[in-house]
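For reference, the structure discussed in these notes is given below.
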Amino acid sequence: MGEWKEKEPSYLGASFVHCDTCGKMIPRRIWTETVNGEEKSFCSVQCAELYVTYWLPKYGKAAASR
Ligand SMILES: [Zn+2]
């Protein structure tokens with residue numbers, strides 16, 4: 001389960017948030033979801049689902065089995 005977060009102008013200063021799935025810069029609304037105890041940022045709910053169903057099983061095994 002995740003939630004939308006509205007990025008404030010002062011949020012993390014001038015740094016940019018990138019989607020953890022597609023790497024796209026997220027200008028304002030960030031979908032945050034906790035995956036394996038880590039808070040991840042996504043540009044959309046679709047990217048969050050893709051991360052969990054595709055990216056994580058494919059590339060996240062090392063981190064998950066640590
Ligand atoms: Zn994305």
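Readers should treat all values here as calculations from the given coordinates under stated rules, not as data from a laboratory. Owing to the predicted nature of the structure, the values given are computational and were not obtained by experimental measurement. Cβ coordinates were reconstructed from backbone atoms using ideal geometry, including for glycine residues, and neighbour counts include every protein chain displayed.
Counting charges near Arg29 (Lys, Arg +1; Asp, Glu -1) among other residues having Cβ under 11 Å from its Cβ returns a value of +1. Highest average first, the peptides 16-23, 34-41 ordered by how many other beta carbon atoms sit within 10 Å of their residues are 16-23, 34-41. In this structure, the amide hydrogen of Val17, modeled 1.01 Å from its nitrogen in the peptide plane, lies closer than 5 angstrom to those of Ile26, counting only residues at least 5 positions away or on a different chain. A simple count of charges around Cys19, restricted to other residues whose Cβ falls under 14 Å of its Cβ and scoring Lys, Arg +1 and Asp, Glu -1, yields +2. Per-residue Karplus couplings for the stretch 16-30, computed as 6.51 cos²θ - 1.76 cosθ + 1.60 with θ equal to phi - 60°, are listed in order as 9, 9, 10, 5, 6, 9, 9, x, 5, 6, 9, x, 9, 8, 10 Hz, Gly and Pro entered as x.
Amide hydrogen proximity for Val35: with H placed 1.01 Å from N in the peptide plane, the residues at 5 or more positions away or on another chain lying under 5 Å are Lys40. In sequence order, the stretch 49-59 has phi-based couplings of 5, 5, 4, 6, 8, 10, 5, 4, x, 7, 10 Hz under the Karplus curve 6.51 cos²θ - 1.76 cosθ + 1.60, θ = phi - 60°, and Gly or Pro positions carry x.
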